Amino acid sequence: MIRLPFSRAFLNGAVAAGGGDRIVVRQLVELQKQIPSLYLLLMVNAGALGFSLHGVAPVELTVWVPGISIPFCLLRAVHWWRLSAHAATEAEAFRRLRVTIALTAILALAFVGWAMALSQYGGAPEQAHVAIFVAITVVACIFCLTHLPVAAFVTTFIVLGVFQVSCLTSTSPVFIGIALNVAFVTVVMIRVLAGNFLTFVRLVEAEGQAQRLAEENARLAHTDSLTGLPNRRFFFQHLDALIAEQDRHETGFALAIFDLDRFKPINDTYGHIAGDRVLSETGRRLAELSSDSVAIARLGGDEFGVLIRAPGSDAEVVAFCDRICAALQEPVRCGGTQVSTGCSGGLALYPRAGRTADALFDRADYALYHAKEGERGRTALFSQAHEDVIRAERAVETALRSADLAAEMELHYQPIFDTRTDAIVMVEGLARWTSPTLGRVPPDRFIAAAERGGMIHGLTLLLLRKALADAARLPPEVGLSFNLSSHDLASPETVLAILAAIRGSGIAPARITLELTETALMLDFGRAQEAIIGLHALGVKIALDDFGTGYSSLSYVHRLPLDKVKIDRSFMADIDTDLGRGVVGSILDLCQNLGLDGVAEGVETPEQLAAMRRQGCRYVQGYLIGAPMPLPALLARLGSEAPPAADRRSA
Ligand code: C2E
Ligand code: CA
Ligand code: CA
């Protein structure tokens with residue numbers, strides 16, 4: 001709102017009001033544009049009047065007064081010209097305005113006194129010039145002092161006061177007429193001036209409001225509303241600023257990314273309100289750790305970014321980041337319950353890990369990924385070893401891009417064994433790539449490289465067509481299990497192409513199982529669900545692969561039309577312990593309750609096979625039954641179908 005008391009105070013002449021207001025600086029700026037002209041006008045008018053009355057009035061009045069006042073006016077004009085009004089502080093501007101008002105009063109008195117003294121001399125034309133001098137000068141003052149109304153009022157009051165008294169007492173009707181006329185014009189002009197000044201005050205106020213609004217908007221645009229921390233945009237702007245700063249003096253800085261572990265299950269299990277509570281508490285704890293040299297932002301979801309200026313030694317910065325992890329691992333109260341998330345961090349140091357924002361962020365992200373894979377709850381510092389792995393990954397990506405995939409890719413098949421019939425009922429197709437430059441590359445590595453490089457769509461379809469062609473050569477009672485990448489289900493085109501390939505292969509869809517991992521479902525659950533329903537409608541079976549390694553597999557099992565669950569091979573290692581048996585037992589119970597087939601992966605020993613039989617697990621897969629093998633070996637194996645020797649011993 002407009003602060004009228006101040007402007008009114010000004011209009012009313014209470015100069016001392018509102019010394020701290022920014023309007024005074026704007027007044028000074030506007031005055032600077034007018035006052036030099038006012039002084040020039042005064043100089044010309046004074047010179048002209050002196051000249052007119054030269055020889056008529058005493059030389060002191062016609063020469064000395066202009067001779068002193070004109071240089072004085074010139075000096076003041078130059079002073080105003082050279083003033084840097086924009087740079088003035090409010091206090092300074094206020095002081096200058098006060099001086100201006102005082103000086104205006106003195107000059108008004110001096111000039112009108114001088115004019116009145118001159119009006120004693122000469123005839124009618126000379127006196128008319130004096131009257132014109134006074135009238136013109138006062139009008140000019142009102143114009144030029146629009147932005148300092150008090151000065152305009154003071155001038156008008158003094159000049160008109162003296163002039164009116166002198167005219168009205170002169171008994172000449174012409175001068176009385178002039179006096180009344182000038183008085184009338186000035187009153188109208190003062191009114192106009194007051195209106196203009198009020199408009200000016202409102203304008204300045206509106207500008208101030210607009211600026212405050214813009215500042216608030218800028219603050220909001222850089223703040224995350226849930227946690228109150230700076231947001232992703234702020235983080236990257238600050239990062240760019242830090243990089244630019246390093247050009248001037250390279251003090252180094254650290255970029256860390258933190259990600260809450262187990263946040264998704266908390267959100268899924270306790271609901272979004274609990275999730276938000278965890279995030280805002282996380283924000284609060286992080287805000288406590290930020291300082292002049294530590295900027296912390298929420299990057300999105302459960303990910304937070306930290307920029308540390310002049311971070312000290314590697315050990316020091318890692319210790320600081322571990323402290324952040326530890327602070328975020330403290331339990332959070334949500335209503336009646338306490339939940340606790342883990343937190344892992346990835347750390348990249350400038351300039352060692354890179355000199356650009358993208359390079360640093362990618363490397364911290366990479367280190368974070370490794371912290372999550374390996375040392376959860378700690379901060380991983382991006383190292384030379386990581387750099388080597390990235391190089392190797394890039395090499396795989398490059399080789400894959402230039403590969404003749406149709407010629408270099410093949411499939412090996414691993415038998416899946418039915419413990420009730422002691423027969424191989426299915427085979428899982430596993431991709432094999434022999435690159436002319438890199439040699440044998442493990443499938444997890446080239447599948448991941450194809451996903452990163454956007455080549456997975458083509459690769460999946462190529463492998464699927466090969467597998468379907470191979471399946472046509474298998475006995476009809478043997479099914480084919482095929483792995484889909486997590487990216488495949490997220491792409492409707494890929495899903496349509498998969499459906500078309502299966503339809504076109506002539507293989508009965510019921511013989512085909514598609515294996516999906518939990519990551520495939522998590523990438524875009526809605527799309528994955530749609531795709532699975534479509535595939536299922538065709539008659540294809542769906543298996544959830546690597547079951548038990550994710551966090552929320554259980555919540556998906558009953559929401560999707562699944563047929564099988566493949567129990568991850570990591571459980572097989574513990575099958576000789578009570579705990580391991582218990583976990584596998586409960587997964588198998590779950591399968592039974594939901595009418596799903598359980599497939600135990602990674603069966604390597606007769607003891608493990610025997611345990612699976614005892615637990616009632618119908619299907620098993622692993623090196624004991626047979627390692628993945630090329631198609632001819634598989635055909636030979638199926639031709640001489642007999643239970644493996646080891647199995648016969650244990651059965
Ligand atoms: P997966 O789907 O879990 O495949 C099973 C992996 O376990 C295979 O590794 C297999 O060789 C290995 N394995 C089988 N029996 C045993 C055992 O008794 N003990 C041990 N320790 N391991 C055993 P492989 O062939 O290296 O494949 C690794 C992963 O690569 C696969 O895991 C799968 O996720 C992915 N993959 C393989 N082929 C394809 C494919 O055609 N498409 C896609 N999208 N992914 C594939
Ligand atoms: Ca699999
Ligand atoms: Ca698996």
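The values are calculated or read from the model by the stated rules, or taken from the named source; none is laboratory data. This structure is a prediction, so every number in the text was calculated from the model and none was measured. A quick note on method: Cβ atoms are made from the backbone with ideal geometry, for glycine too, and the neighbour counts reach across all protein chains shown. Side chains are part of the model used for accessible areas, which takes the heavy atoms of the whole protein and leaves out ligands, DNA and RNA. Shrake-Rupley method; radii C 1.70, N 1.55, O 1.52, S 1.80 Å.
Condition check ((1) more than 16 Å from ligand 1 (Cβ to nearest atom); (2) assigned by TED's automatic domain parsing to the domain that holds R614; (3) modelled with pLDDT of 95 or more) across all residues:
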site: L523; (1), (2), (3): no, yes, no
site: G526; (1), (2), (3): yes, yes, no
site: Q529; (1), (2), (3): yes, yes, no
site: G539; (1), (2), (3): yes, yes, yes
site: G548; (1), (2), (3): no, yes, no
site: L554; (1), (2), (3): yes, yes, no
site: R559; (1), (2), (3): yes, yes, no
site: V584; (1), (2), (3): no, yes, no
site: L594; (1), (2), (3): yes, yes, no
Provide a single number: the residues in the stretch 395-404 that are free of Cβ contacts under 8 Å to residues at least 24 places away in the same chain and in a helix (DSSP H, G or I).
-> 1
Give the residues of the stretch 19-57 that are surrounded by fewer than 19 Cβ atoms within 10 Å (Cβ to Cβ), of a type outside the set (A, V, I, L, M, F, W, C) and without any contact (Cβ under 8 Å) to a residue 24 or more places away in the chain, sorted by residue number.
-> K33, G47, H54, G55
Could you tell me which of the residues A131, A117, A152 is open to solvent by less than 40 Å² (accessible area, probe 1.4 Å), in the same structural domain as L198 (by TED's automatic domain parsing), under 27 Å from V56 (Cβ atoms) and touching a Cys at 6+ places or on another chain (Cβ under 8 Å)?
-> A131
Which of the residues belonging to the stretch 619-651 are modelled with pLDDT of 95 or more and surrounded by 19 or more Cβ atoms within 10 Å (Cβ to Cβ)?
-> Y619, V620, Q621, G622, L624, I625, G626, P628, L631, L634
Identify all residues within the stretch 58-70 that are crowded, with 19+ Cβ neighbours inside 10 Å and out of contact with any Phe, Trp or Tyr (no Cβ under 6 Å at 6 or more places or on another chain); write none if there are none.
-> L61, T62, P66, S69
Check off (1) open to solvent by less than 20 Å² (accessible area, probe 1.4 Å); (2) more than 13 Å from ligand 1 (Cβ to nearest atom); (3) touching a residue at least 40 places away in the same chain (Cβ under 8 Å) for D563 and give me the number that stays unchecked.
-> (1)
Members of the stretch 533-560 that are away from ligand 3 (no atom under 16 Å from the Cβ), of a type in the set (G, A, S) and touching a residue at least 40 places away in the same chain (Cβ under 8 Å) = S552, S555
For the stretch 405-425, what are the residues that are in a strand (DSSP E or B), away from ligand 1 (no atom under 13 Å from the Cβ) and not acidic (D, E)?
-> A423, I424, V425
Considering residues of the stretch 394-428 that are of a type in the set (S, T, Y) and farther than 17 Å from V603 by Cα only, the residue nearest to ligand 3 (Cβ to nearest atom) | T421
Test: T577 is assigned by TED's automatic domain parsing to the domain that holds M426, within 16 Å of ligand 1 (Cβ to nearest atom), open to solvent by 30 Å² or more (accessible area, probe 1.4 Å) and not acidic (D, E) = no
Would a scan of the stretch 607-616 turn up a residue that is in a loop (DSSP other than H, G, I, E, B) and closer than 13 Å to E428 by Cβ?
-> no
Only unsatisfied item for A510, checking (1) crowded, with 21+ Cβ neighbours inside 10 Å; (2) away from ligand 1 (no atom under 14 Å from the Cβ), is (1)
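Per-residue answers, yes or no, for (1) open to solvent by 10 Å² or more (accessible area, probe 1.4 Å); (2) within 32 Å of the chain's Cα centre (by Cα):
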site	(1), (2)
V396	no, no
A399	yes, no
A406	yes, no
T421	yes, no
G429	no, no
R432	yes, no
R440	yes, no
I447	yes, yes
K466	yes, no
Do we have E493 as in the same structural domain as A531 (by TED's automatic domain parsing) and more than 26 Å from A633 (Cα to Cα) here?
-> yes
Might you let me know whether the stretch 234-250 holds any residue that is among the polar types (S, T, N, Q), on the phi < 0 side of the Ramachandran plot and touching a residue at least 40 places away in the same chain (Cβ under 8 Å)?
-> yes
Test G595 against the criterion of being open to solvent by less than 70 Å² (accessible area, probe 1.4 Å) and out of contact with any Phe, Trp or Tyr (no Cβ under 9 Å at 6 or more places or on another chain), and give yes or no.
-> yes
Of the residues V162, V185, V138, which is crowded, with 16+ Cβ neighbours inside 10 Å and over 60 Å from the mean Cα position of the chain (by Cα)?
-> V162
Residues satisfying the stated conditions in the stretch 359-394, i.e. assigned to a helix (DSSP H, G or I), open to solvent by less than 50 Å² (accessible area, probe 1.4 Å) and more than 19 Å from L328 (Cα to Cα) = A359, L360, F361, R363, Y366, H386, E387, I390, A392
Tally, over the stretch 307-326, of residues that are assigned to a helix (DSSP H, G or I) and open to solvent by less than 60 Å² (accessible area, probe 1.4 Å) | 10
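Results for (1) within 23 Å of S293 (Cα to Cα); (2) surrounded by 11 or more Cβ atoms within 10 Å (Cβ to Cβ), shown as yes or no for each residue.
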{"site": "R212", "(1), (2)": "no, no"}
{"site": "N217", "(1), (2)": "no, no"}
{"site": "H222", "(1), (2)": "yes, yes"}
{"site": "L229", "(1), (2)": "yes, yes"}
{"site": "R232", "(1), (2)": "yes, yes"}
{"site": "F235", "(1), (2)": "yes, yes"}
{"site": "H238", "(1), (2)": "yes, yes"}
{"site": "D268", "(1), (2)": "no, yes"}
Considering residues that are open to solvent by 60 Å² or more (accessible area, probe 1.4 Å) and under 23 Å from T337 (Cβ atoms), the number found within the stretch 270-306 is 6
